[in-house]
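Asker: Sharing a structure below in structure tokens format, with a few things to ask.
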Number of protein chains: 2
Amino acid sequence: MQIRPATEDDTYAILDIVAPTLAAGDTYAISADLDDAAVLSYWLGPSHEVFVAEIDGHILGTYYLMANQQGGGAHVANCGYMTAPAARGRGIARAMAEHSLEMARQRGFRAMQFNHVVSTNTLAVALWKKLGFAIVGTLPQAFKHPEHGYVDSYVMFRAL
Amino acid sequence: MQIRPATEDDTYAILDIVAPTLAAGDTYAISADLDDAAVLSYWLGPSHEVFVAEIDGHILGTYYLMANQQGGGAHVANCGYMTAPAARGRGIARAMAEHSLEMARQRGFRAMQFNHVVSTNTLAVALWKKLGFAIVGTLPQAFKHPEHGYVDSYVMFRAL
């Protein structure tokens, strides 16, 4: 597996991962009704440094790295990760997360924060805990899940 | 005191409140180096519904109301409040906060969340607690204060 910065040539492969994940509406606090242009505008936005995970020439995952806040909060990084549905369970999310922690360190960030980890996304919560993140906050019923209704979200944080 | 939606005529009065508050760099996780255009672009951004607090024709405070997240998180509101430095201690922040809770209810929000309340901003923390907000998360050393260095920030939340 190679994890590398995204290029323009990766745009459609990224869209193929991000669009269905957002459309499912069960993990990201982003509209599930975005058209392709809006999906790309979000994921490839100017504040995002975007990477892809590639195996045998196929892009199977993507993540972005950004500053979670500006000014006095600019030393804390934020990331979002997505794996192609067909490629889940192959360690791609974990590899991207480890890569992102190293990138964030290289960029001079002192910590990483996830603002809104949906509590029903148990695989993600478990993975972030394995990678050293702690749940530092619980947002009561802050996410309306398409199947489970209002569920809690977590704020997760780790120093770098 | 009248609290009402901001109009174009309020732009410079708003700038006079927001610019020095951001330039102080001790309460908002926003760059302290923004020029006037960038300050207005932030405070009057398209996602913000902006209000002003007026006494005897003088605008002494302003706040914005927005959705804190999109998609499954769009039922939680977020606000930012600023009072003119010379007008502090006159209950303007409290009046704006109470107004914002009512506006958020009217807009159909089910809760309100503050993502980054700097722990050294003790007056704000005390006011939010009086108004029913709880600290639901502590972000360790997530804010670099210009005098105190790295300090904690709080995530504060209340149902509506």
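Asker: Which one is farthest from B:Ile17 (Cα to Cα), of the residues in segment B:59-101 that are open to solvent by 30 Å² or more (accessible area, probe 1.4 Å) and of a type in the set (S, T, N, Q)?
Answerer: For segment B:59-101, the residue satisfying everything is B:Gln70.
Asker: State the number of residues belonging to segment A:17-27 that are within 22 Å of B:Asn68 (Cα to Cα), open to solvent by 40 Å² or more (accessible area, probe 1.4 Å) and in contact (Cβ under 8 Å) with a residue 24 or more places away in the chain. Break it down into steps so the answer makes sense when it comes.
Answerer: Of the residues in segment A:17-27, the ones within 22 Å of B:Asn68 (Cα to Cα) are A:18-19, A:21-27.
Next cut, open to solvent by 40 Å² or more (accessible area, probe 1.4 Å) only: A:23-24, A:26.
From the residues that got through so far, the ones that are in contact (Cβ under 8 Å) with a residue 24 or more places away in the chain too are A:24, A:26.
Number of matching residues: 2.
Asker: For segment A:63-84, how many residues are hydrophobic (A, V, I, L, M, F, W, C) and facing chain B (nearest Cβ under 8 Å)? Spell out how you get there, then give the answer.
Answerer: Quick first cut of segment A:63-84, residues hydrophobic (A, V, I, L, M, F, W, C) only: A:65-67, A:74, A:76-77, A:79, A:82, A:84.
Those left that are additionally facing chain B (nearest Cβ under 8 Å): A:74, A:76.
Total satisfying the criteria: 2.
Asker: Before we move on, is A:Ala53 away from chain B (no Cβ under 14 Å), surrounded by fewer than 18 Cβ atoms within 10 Å (Cβ to Cβ), of a type outside the set (Val, Ile, Thr) and within 15 Å of the chain's Cα centre (by Cα)?
Answerer: Working: away from chain B (no Cβ under 14 Å): yes; surrounded by fewer than 18 Cβ atoms within 10 Å (Cβ to Cβ): no; of a type outside the set (Val, Ile, Thr): yes; within 15 Å of the chain's Cα centre (by Cα): yes.
Taking the combined requirement at face value, the residue does not satisfy it.
Asker: Find the residue count for segment A:1-15, including only residues that are closer than 17 Å to A:Pro85 by Cα and surrounded by fewer than 14 Cβ atoms within 10 Å (Cβ to Cβ).
Answerer: The qualifying residues number 1.
Asker: Same structure, new question: Which condition breaks for B:Ser153 when tested against (1) facing chain A (nearest Cβ under 9 Å); (2) not in a strand (DSSP E or B)?
Answerer: (2)
Asker: A follow-up question, please. Under 8 Å between Cβ atoms, at least 6 apart or on separate chains: pull out the pairs that start in segment B:39-50 with a residue that is farther than 13 Å from B:Leu15 by Cα and end on any residue that is among the aliphatic types (A, V, I, L, M).
Answerer: Correct list of pairs: B:Ser47/B:Met66; B:Ser47/B:Ala67; B:His48/B:Leu65; B:His48/B:Met66; B:Glu49/B:Leu65; B:Glu49/B:Met66; B:Glu49/B:Met103.
Asker: List the strands (runs of 3 or more DSSP E) inside segment B:1-102, counting only whole elements, that have at least 1 residues being of a type in the set (A, V, I, L, M, F, W, C) and farther than 19 Å from B:Leu127 by Cβ.
Answerer: On the way: elements: B:2-5, B:49-55, B:58-67, B:76-83.
Hits in segment B:1-102: B:49-55, B:58-67, B:76-83.
Asker: Could you check segment A:103-137 and list, in sequence order, the residues that are over 15 Å from the mean Cα position of the chain (by Cα), assigned to a strand (DSSP E or B) and either surrounded by fewer than 16 Cβ atoms within 10 Å (Cβ to Cβ) or of a type in the set (A, V, I, L, M, F, W, C) (or both)?
Answerer: The answer is A:Ala111, A:Ala134, A:Ile135, A:Val136.
The values are calculated or read from the model by the stated rules, or taken from the named source; none is laboratory data. Owing to the predicted nature of the structure, the values given are computational and were not obtained by experimental measurement. Note that we place each Cβ from the backbone using ideal geometry, even for glycine, and neighbour counts take in every protein chain shown. The protein model used for the area step is the full one, side chains on, heavy atoms only, and it has no ligands, DNA or RNA in it. Shrake-Rupley method; radii C 1.70, N 1.55, O 1.52, S 1.80 Å.
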